[in-house]
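Every read-out reported here was derived from the displayed coordinates using simple, explicitly stated rules and does not represent laboratory data. What you see is a predicted model; the values in this text were computed from it and never measured. All Cβ positions, glycine included, derive from the backbone under ideal geometry; neighbour counts span all protein chains shown.
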Amino acid sequence: MTSPLQQKLKVTGPVVVTANRLGDGAVVYRTADGHWTNDLAAAAVVTTAPAATEILTAAVADRLKAVDAYVAPVRLTPEHGVLPGNLREQIRFNGPTVALPGASPA
Amino acid sequence: MYVYDDFDRTLVDERVREFRNQVGRRLSGELTEEEFKPLRLMNGVYLQLHAYMLRIAIPYGTLSAEQMRTLARVARRYDRNYGHFTTRQNIQFNWIKLEELPDALAELARSGLHAMQTSGNCVRNITTDQWAGVAPDEIEDPRLWAELLRQHLTLHPEFTFLPRKFKIALSAAAHDRAAVKVHDIGLRMHKNGAGETGFEVIVGGGLGRTPFIGKTIKPFLPKRDLLSYVEAILRTYNQWGRRDNIYKARIKILVHELGAEKFAREVEEEWQAIKDGALALDAAAVDDIASRFRHPDYEVLADNPPELAKIRNGAREEDKRFRRWLDNSVTNHKVAGYSIVTLSLKPVGEPPGDATAPQMDAIADLADRYSFGEIRVGHEQNLVLPHVAQRDLPVVWRALDAIGVATPNVSLISDIIACPGLDYCSLANARSIPVAEEITRRFKDLDLAHNLGRLHINISGCINACGHHHIGHIGILGVEKNGEEYYQVTIGGRADEAAELGTILGPAVPYGEIADVVEDIAAAYLELRERPDEIFLHTVQRVGVEPFKERVYAAR
Amino acid sequence: MQLVKAGRIVEDRFVRVLDDAPLPEGVPVLLPAARLLADARDLVLRQAPIGVIWPNDRKIAELAPYLDWLALVALVFPTFKDGRAYSQARLLRERHQFRGELRATGQVLRDQLLFLQRAGFDSFEVKKDNDAAAFAEAVHRYSVFYQPTGDGRLSARNARASRLVPTAAFQDRPEVVR
């Protein structure tokens, strides 16, 4: 959970490139055709450092749409497809693990 | 509380306009993220895990009812219906969109609210005692001096790009409720031998990676010299604070590396050159700011009025609940017939320090009716109604109880101070909110909590220590081990005039066990204390850490 | 990169001489600190103007003996986030009464121009051409300043003091229609 932005690129499993959308800060993932999506299932999944670097480089260059891009681990499961690969990524994808106060306006 | 004049308002409006321009230039690509980031930070805008976060300043923790209503409106319109009150008396909104920020800030500006300098390498919100102006043990209201400093340090051209963030706190009471000894500058108001009031200036305190208790570099600074002396400190820091390593860039490192005496001499040399210049505070300058402070028009009332006496002696279940709240959440006021009411934002099983928009509106209404329109935000992440007439306490309690801010757990084990942690913050190693929630569930029995007495738990999700864990009676620090959440526990910390950092208890424990550890510590305390009124902190100071360590780690 | 002076984009009349090369005759020269300190005795006799680039990690007090005859002091912002030169600028203007040209160099961007001007800079090597063109906009963003600096702008304190009636709290005024 140490910020991945400070880590050296080391790819030991399936990864995606993720960032936050500039306009609203929402979590987004880089697709194979060079766009951003908030659907993890549509993200480009790669398994080698060179492949990840290529996508990351293109993502970082695309600074108008998304910021702070980095490489994040995912898990591939037969039942659910692509899932976030650690707790931090789970939280980014699903939101806080606690109920938000005032979720339903009184 | 201070009421803006048109200078103050104009400045905030101009700041909104400038930020709107900067956001526009970022969205168009004219500004890169690298160029924009310090600018947005200076306006309190962070990028967190899920969204942008906006931190709004509540200067020295004082808020008007109208401002609270504005916060509720912003929560509804631009966020998700709630806000989080922080350990520096600010409020945070976690779901703000950058595109909508200028409009949200414009709305805030209409009530004199802003987000200037709530982040970035500049002087942050100046904090003080949440009971300032009303505590019986205070020698004078420090907020006048906090406001003088606030204005002087807002958009100060020389100190906008400091080596690192800079935090100032003031206290004016015998008992320090503002933690001045763990701030970059702490200012303790006190009287000298001649009966004059001035400031003890304490520098280089701070928590985080390298915690330090501050050092006194000037035991007595006359009021006249407040601005010039702070200027001299900041100028020394701006020039000589380290800029090569962000983990060594706070003033506490400079003070430590130079030594307090050498640092004090550098400041003194600079100060001698400016002390009689434009920053010397004459009576006119002070009176001008003081003239815009509104003070309540207190009635002449007696303590313990009949409305209160009746319920003190009542036998109904409701009376007992009221008495429990009275004993826990209501404290003496310097004016007879009045009281200070703390609103617990720590309900069992809920995130600590949050308030919903409906709660904010209800509290604003209560403040208007029963507290001269004034609310305070405490660094323990609770709210305060500072001017409640004792005769109104029953009706105020019923209203607070109805909106869920009357849990009688203020300063007890379930009154937890916690940072947002990994659920929100991109710096975090571990979650803090669910840990806090679980602990409150374990101690939801009010008799147990009351029996354990005053016990401050502070939880930080990472070493940046926004939860102030070093100075918790029990401090909990989230760390990461092999991709799992672990928690390191310290005990015996305190943040007051006898400030001390906690001592590590033993190896970090996993997420699933941290609440158990807290239960073990509490059980150990009950066994080890000499008398029921020996609080946890004093037991730790008396018997040391070892007995607690044995009990916690015996079975682990 | 454009040089902005007196609110306009101008040509830089100073020639930078960053090594030990002999100084060009009769033209204003901008020298590194080491050269100034080493050759001060000769430089003081020179007719044409002399400027110095002073690093942001050296005390201004070291430069003080030469300020009488320096036409230009250029201070450095290695990144715009490194704010040491703001203190240096104020010391030059307010402590040492330096009256020559005080130039901001390095990463000088639009959003710092007003702070720079308030600290005493009067010329700016602005990194981006757009920012240079927007100088006037940048330095007119605010009409209220809480702190006095040497720039001559009225501080809020003095503005309030000079009013014949004390400034009333905003809430006391009749509603202003926006």
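At-a-glance table
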quantity	calculated
Added length on full extension, which subtracts the Cα-Cα distance from 0.36 nm per residue, B:F293 to B:E261	7.8 nm
Kirkwood Rh, angstrom, chain C [1 / mean 1/r, Cα pairs]	18.0 Å
Additional length obtainable on full extension of the chain from B:A309 to B:H450, 0.36 nm per residue less Cα span	48.5 nm
Antiparallel bridge percentage (DSSP; both residues within chain B; nearest 5)	80 percent
Global form of region A:7-104, assessed from the alpha-carbon gyration tensor, a/c cut-off 1.5	oblate
Estimated 222 nm signal from helices in chain C, with DSSP H stretches of n ≥ 4 weighted -39500 (n - 2.57), rounded to 500	-5500 deg cm²/dmol
Mean projection area, nm², convex hull over Cα of region B:417-524	6.6 nm²
B:C425, B:C466 arranged by Cβ crowding within 10 Å, fewest neighbours leading	B:C425, B:C466
Mean Cα-pair separation over length for region B:291-349, i.e. relative contact order, pairs under 8 Å, 6 or more apart, %	31 percent
Point-to-point label distance, B:A280-C:D20, nm (Cα→Cβ direction, 7 Å offset)	5.1 nm
Footprinting exposure proxy for B:E14, A:E54, B:E380, B:E546 (fewest neighbouring C-beta atoms within 10 Å first)	B:E546, A:E54, B:E14, B:E380
Region B:507-528 and region C:141-161: distance between their alpha carbon centers, rounded to Å	56 Å
Alpha-carbon centroids, region B:59-120 and region B:303-327: separation in whole Å	36 Å
Added length on full extension, which subtracts the Cα-Cα distance from 0.36 nm per residue, B:R9 to B:E550	188.9 nm
Dimensionless Rg ratio for region B:74-192, taking C-alpha atoms and the 2.2 N^0.38 Å reference	1.19
Residue-count net charge about C:R16 - beta-carbon cut-off 15 Å; Lys, Arg +1, Asp, Glu -1	-3
Gyration tensor verdict on region B:127-290 (Cα atoms; rounded if a/c is under 1.5, prolate if a/b is larger than b/c, oblate otherwise)	prolate
Between region B:349-365 and region B:425-447, the Cα center-to-center distance that results, in Å	18 Å
Reachable lysines from C:K128, criterion Cα separation under 17 angstrom, eight or more residues apart if same chain	C:K5, C:K81
Helix-only mean residue ellipticity at 222 nm for chain B, each DSSP H run of n ≥ 4 adding -39500 (n - 2.57), per residue, nearest 500	-11000 deg cm²/dmol
As computed over region B:78-120, the Cα convex hull volume per residue (Å³)	90 Å³
With Cα atoms, 0 to 90° folded angle of helix C:33-43 axis to chain C main axis	70 degrees
Bins of 10 Å, starting at 0 and running to the largest distance - Cα pair percent for region C:1-94	14, 46, 35, 5
For B:E550, net neighbour charge (Lys/Arg +1, Asp/Glu -1) across residues whose Cβ lies under 12 Å away	0
Where only alpha carbons of region B:461-556 are counted, the Rg and the Dmax (Å)	13.3, 43
Cα-based shape type of chain B, given that a ≥ b ≥ c are square roots of the gyration tensor eigenvalues and the cut on a/c is 1.5	rounded
Fewest-first ranking of A:T48, B:T62, using other Cβ atoms within 10 Å as the exposure measure	A:T48, B:T62
Alpha carbon convex hull of region B:6-109, volume per residue in cubic angstrom	107 Å³
Radius 11 Å from Cβ of C:K81, net charge of other residues (Lys, Arg +1; Asp, Glu -1)	+1
Radius ratio Rg over Rh of the protein assembly as shown, counting only Cα atoms, Kirkwood formula for Rh	0.98
Rounded FRET efficiency, nearest 0.05, which uses the C-beta distance separating C:A34 from B:E513 and R0 of 51 Å	0.25
